[in-house]
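Chemist: Got a structure for you, questions after.
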Amino acid sequence: MQGFIFSLIGGLGLFFFGMQVMSEGLKKIAGERLKNILYIVTKLPIIGVLVGTFVTFLIQSSSATTVMVVGFVNAGLLTLKQAITVIMGANIGTTITAWIVSSMAVFKISHYALPLIGIGFFISFLGRAKNTKFLGQVIMGFGILFLGLGFMKEAFDPFKESQRVKDIFVTFSRDPILGVLVGMIFTMLLQSSSATIAIVQVLAFNGIISFPAAIPLVLGDNIGTTITAQLAAVGTNINAKRAAMAHTLFNLIGVSYMLVFVYNGWFVKAIDFIIPGELTLKNVMFYIAVSHSFFNIINTLIFLPFIGVLEKACLWVVPKKKDAVEIGPRYLEKHLLNTPPIALEQARKETVRMLQLACKSVSTAVNGFFEGNLNSLKSVPEMEQTVDNLQSEITQYLIEISQRNLSQVESEELPVLIHNVNDIERIGDHSENIIELAERKIENKLSLTDDATRELMLMWNELHNMMIKTELALEKNDVNTARDVLGHEGRINVFQTELKKSHVNRLNDGKCNLKAGIMFIDLVDNLEKVGDHLSNIAQSVIGEMRWKIYGKLERKETVEKRM
């Protein structure tokens with residue numbers, strides 16, 4: 001029992017850690033190329049299904065595929081609708097294992113865990129380029145994840161050989177609903193739908209259960225396998241949780257209506273019709289494999305036209321919390337692209353929303369710094385990630401608009417909007433920098449003098465007012481408010497100079513700790529740079545969103561970067 005408990009706890013820990021490492025690596029290495037590839041590949045529902053089927057066929061684990069999908073959604077690389085199609089395909093792909101089991105032992109993906117961890121570590125450790133190191137991190141994360149799955153499966157290995165387990169299968173599989181429950185529970189425990197199907201096939205091959213009695217167990221297996229995605233969604237964002245729920249609802253609804261055909265005998269008749277010849281103990285494993293594939297293919301074909309309905313069901317079952325961040329674009333409607341003026345207006349709205357989110361992330365980070373509260377900082381990475389995603393989505397949308405017939409005014413506005421989006425993304429980056437400063441302050445127990453705190457508060461209040469006015473100026477296209485923003489920037493530049501002088505004086509007087517002083521200067525510089533980006537946005541409004549005016553600002557910004 002002790003070995004069982006230790007293996008289970010350790011497996012779960014490795015599973016969650018591997019998921020975290022993999023997701024972080026994906027976010028760092030994926031960039032635009034992988035995101036665009038995934039978007040293109042899953043642009044059509046049927047393509048997403050084929051991708052999910054192929055990937056699961058290669059790795060022989062629907063659990064691993066759904067975990068990857070949850071990771072992609074959590075990293076912002078897949079939308080919920082795209083994830084649903086891949087999950088559908090994963091359900092079909094996993095049935096291949098049942099076909100393989102008919103002639104050989106169940107494929108164990110955990111065999112590759114340790115090589116993956118080793119390969120990933122050496123790539124990360126020896127790689128010189130950042131992308132190479134991140135690739136190693138992703139591979140190592142996959143390996144740790146698979147290792148965790150392996151430990152969880154091994155923890156329940158004794159149940160596979162238990163006669164009591166076989167007796168339970170025999171007793172409860174006679175009733176379809178009880179059979180579904182047994183198949184579901186054992187798949188949850190074994191953490192492997194392939195293992196459950198293999199047990200059912202062996203029991204049928206030995207004549208312990210009949211083929212009709214095996215079908216409910218197979219159906220229950222499809223519900224039980226969704227627990228892995230639910231575990232993977234723990235600690236992820238709301239869209240990742242919805243992707244995991246899509247997997248559960250997809251299989252749960254499918255099994256529910258399929259039970260009707262199991263009760264009236266039509267399911268067995270359908271399999272008899274598909275497979276010519278007489279059912280015997282020699283080919284019963286093949287019958288079970290066909291049944292497994294038949295259910296998942298039919299369920300996918302039925303749901304394929306109703307992906308939008310399933311998506312709405314997930315939104316209803318996993319509602320958005322009041323403080324949750326909507327990770328995808330809200331206003332970028334593709335069908336408006338052929339009407340450039342309206343499409344541009346939608347892009348402006350999304351840009352304003354992006355700015356509001358970036359400013360909120362900075363505000364949350366700064367408040368967490370002053371309060372010394374790490375819990376209040378947890379939402380900032382998700383907001384910053386959303387800002388990064390919006391940069392990509394808005395830029396791609398603007399590029400698509402540029403391919404339409406545009407007026408001179410619209411053509412001049414496009415590059416300005418792109419520059420605004422880039423400035424906003426950099427504002428979001430500074431929120432991450434401020435989080436690091438807050439963590440350094442809390443973990444190292446650094447404290448600032450009352451004078452230093454007061455000065456920072458004054459500078460922050462100035463920047464906070466600047467952010468509010470920049471949001472208003474961009475949203476209302478208000479030139480007067482934009483000019484007020486430039487006034488704030490001048491005062492923030494003065495703050496930066498004066499605060500650094502004060503800091504030097506405190507160091508000379510021995511009033512300030514050196515590490516705390518460095519942290520103080522870093523925060524001042526981050527606040528000042530946020531002000532610079534807000535100023536660029538305000539100047540674009542003053543220049544009436546025209547490229548000719550804004551081009552001067554771009555050259556100025558480039559020179560400052562080189563300095």
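The values are calculated or read from the model by the stated rules, or taken from the named source; none is laboratory data. Keep in mind that what you see is a predicted model, and the values were worked out from it rather than measured. Cβ: placed from backbone, ideal geometry, glycine included. Neighbour counts: every protein chain shown.
Chemist: Being within 24 Å of Leu78 (Cα to Cα) and out of contact with any helix residue (DSSP H, G or I) (no Cβ under 6 Å at 6 or more places or on another chain) is the filter here; which residues of the range 210-244 pass it?
Modeler: Within the range 210-244, Leu231, Val234, Gly235, Ile238, Lys241 qualify.
Chemist: Going by what's in this entry, would Ser361 be described as in a helix (DSSP H, G or I) and surrounded by fewer than 16 Cβ atoms within 10 Å (Cβ to Cβ)? Reasoning before the result, please.
Modeler: Values: in a helix (DSSP H, G or I): yes; surrounded by fewer than 16 Cβ atoms within 10 Å (Cβ to Cβ): no.
For Ser361, the condition - in a helix (DSSP H, G or I) and surrounded by fewer than 16 Cβ atoms within 10 Å (Cβ to Cβ) - is not met.
Chemist: Filter the range 386-408 down to residues that are among the β-branched types (Val, Ile, Thr) and in contact (Cβ under 8 Å) with a residue 40 or more places away in the chain and give me whichever is nearest to His533 (Cα to Cα). If you could, list the steps in order and put the result at the bottom.
Modeler: As a first pass, look at the range 386-408 and keep what is among the β-branched types (Val, Ile, Thr): 386-387, 394-395, 399, 401.
Now narrow it down to the ones that are in contact (Cβ under 8 Å) with a residue 40 or more places away in the chain: 386-387, 394, 401.
Details: Thr386: 18, Val387: 15, Ile394: 18, Ile401: 25 Å.
Selected residue: Val387.
Chemist: Would you check which residues across the range 424-483 are among the β-branched types (Val, Ile, Thr) and not in a loop (DSSP other than H, G, I, E, B) and list them? Quick ask: steps written out before the conclusion?
Modeler: Our first condition is that a residue be among the β-branched types (Val, Ile, Thr); within the range 424-483, this holds for 424, 427, 434-435, 442, 449, 453, 468, 470, 479, 481.
Result: Ile424, Ile427, Ile434, Ile435, Ile442, Thr453, Ile468, Thr470, Val479, Thr481.
Chemist: Could you grab the pairs with beta carbons closer than 8 Å, sequence gap of 6+ or different chains, first residue in the range 371-385 and in the same structural domain as Ser431 (by TED's automatic domain parsing), second one at pLDDT 80 or above and of a type in the set (Lys, Arg)?
Modeler: Gly372/Lys441; Met383/Lys360
Chemist: What do you reckon, is Met459 touching a residue at least 60 places away in the same chain (Cβ under 8 Å), farther than 30 Å from Ile342 by Cβ and over 33 Å from the mean Cα position of the chain (by Cα)? Write out each step before concluding.
Modeler: On the way: touching a residue at least 60 places away in the same chain (Cβ under 8 Å): yes; farther than 30 Å from Ile342 by Cβ: yes; over 33 Å from the mean Cα position of the chain (by Cα): yes.
So Met459 fits the description; yes.
Chemist: Additional query: On the basis of being over 33 Å from the mean Cα position of the chain (by Cα), assigned to a loop (DSSP other than H, G, I, E, B), over 18 Å from Gln201 (Cβ atoms) and modelled with pLDDT under 90, does Pro329 make the cut? Before the answer, list the steps.
Modeler: Working: over 33 Å from the mean Cα position of the chain (by Cα): no; assigned to a loop (DSSP other than H, G, I, E, B): yes; over 18 Å from Gln201 (Cβ atoms): yes; modelled with pLDDT under 90: yes.
In short, no.
Chemist: Of the numbered conditions (1) out of contact with any Gly (no Cβ under 9 Å at 6 or more places or on another chain); (2) assigned to a helix (DSSP H, G or I), Val234 satisfies every one except a single condition; which is it?
Modeler: (2)
Chemist: Next question. What residue, among those in the range 489-548 that are at pLDDT below 90 and basic (Lys, Arg), is farthest from Gly372 (Cα to Cα)?
Modeler: Filtering first and then ranking leaves Lys548.
Chemist: Here are some residues: Lys469, Lys441, Lys476. Which one is within 21 Å of Leu534 (Cα to Cα), surrounded by 14 or more Cβ atoms within 10 Å (Cβ to Cβ) and not aromatic (Phe, Trp, Tyr)?
Modeler: Testing whether each residue is within 21 Å of Leu534 (Cα to Cα), surrounded by 14 or more Cβ atoms within 10 Å (Cβ to Cβ) and not aromatic (Phe, Trp, Tyr) leaves just Lys469.
Chemist: Kindly indicate whether Thr248 is farther than 30 Å from Gly328 by Cβ, free of Cβ contacts under 8 Å to residues at least 60 places away in the same chain, of a type in the set (S, T, N, Q) and surrounded by fewer than 21 Cβ atoms within 10 Å (Cβ to Cβ). Full working, then the answer.
Modeler: Details: farther than 30 Å from Gly328 by Cβ: no; free of Cβ contacts under 8 Å to residues at least 60 places away in the same chain: yes; of a type in the set (S, T, N, Q): yes; surrounded by fewer than 21 Cβ atoms within 10 Å (Cβ to Cβ): yes.
Judged against the criteria, Thr248 is not a match.
Chemist: From the residues in the range 387-409 that are in a helix (DSSP H, G or I) and either basic (Lys, Arg) or at pLDDT below 85 (or both), which one is surrounded by the most Cβ atoms within 10 Å (Cβ to Cβ)? Don't jump to the end; show me each part of the working.
Modeler: Within the range 387-409, the subset in a helix (DSSP H, G or I) is 387-402, 408-409.
Checking the rest, the ones that are also either basic (Lys, Arg) or at pLDDT below 85 (or both) come to 389, 408-409.
Values: Asn389: 19, Gln408: 8, Val409: 12.
Only one residue fits best here, namely Asn389.
Chemist: Considering Phe267, Phe261, which residue is aromatic (Phe, Trp, Tyr), free of Cβ contacts under 8 Å to residues at least 40 places away in the same chain, touching a Phe, Trp or Tyr at 6+ places or on another chain (Cβ under 7 Å) and assigned to a helix (DSSP H, G or I)? Before you say what the answer is, go through the steps one by one.
Modeler: Working: Phe267 fails: free of Cβ contacts under 8 Å to residues at least 40 places away in the same chain.
Answer to the selection: Phe261.
Chemist: For the range 271-296, which positions are surrounded by fewer than 16 Cβ atoms within 10 Å (Cβ to Cβ) and part of a helix (DSSP H, G or I)?
Modeler: Residues satisfying the conditions are Asp272, Phe273, Ile274.
Chemist: Let me ask something additional. Looking at (1) at pLDDT 90 or above; (2) within 38 Å of the chain's Cα centre (by Cα); (3) surrounded by 15 or more Cβ atoms within 10 Å (Cβ to Cβ); (4) over 14 Å from Asn420 (Cβ atoms), can you tell me which one Val485 breaks?
Modeler: For Val485, the exception is condition (4).
For every residue, the table says whether it meets (1) surrounded by fewer than 21 Cβ atoms within 10 Å (Cβ to Cβ); (2) modelled with pLDDT of 75 or more; (3) of a type in the set (Asp, Glu).
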position	(1), (2), (3)
Phe107	yes, no, no
Gly118	yes, yes, no
Ile123	yes, yes, no
Asn131	yes, yes, no
Gly141	no, yes, no
Ile144	no, yes, no
Leu147	no, yes, no
Gly150	no, no, no
Ala155	no, no, no
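Chemist: Here is a further query. Taking the range 410-431 as the search range and keeping residues that are acidic (Asp, Glu) and touching a residue at least 60 places away in the same chain (Cβ under 8 Å), which one is surrounded by the fewest Cβ atoms within 10 Å (Cβ to Cβ)?
Modeler: Ranking the qualifying residues of the range 410-431, first place goes to Glu410.
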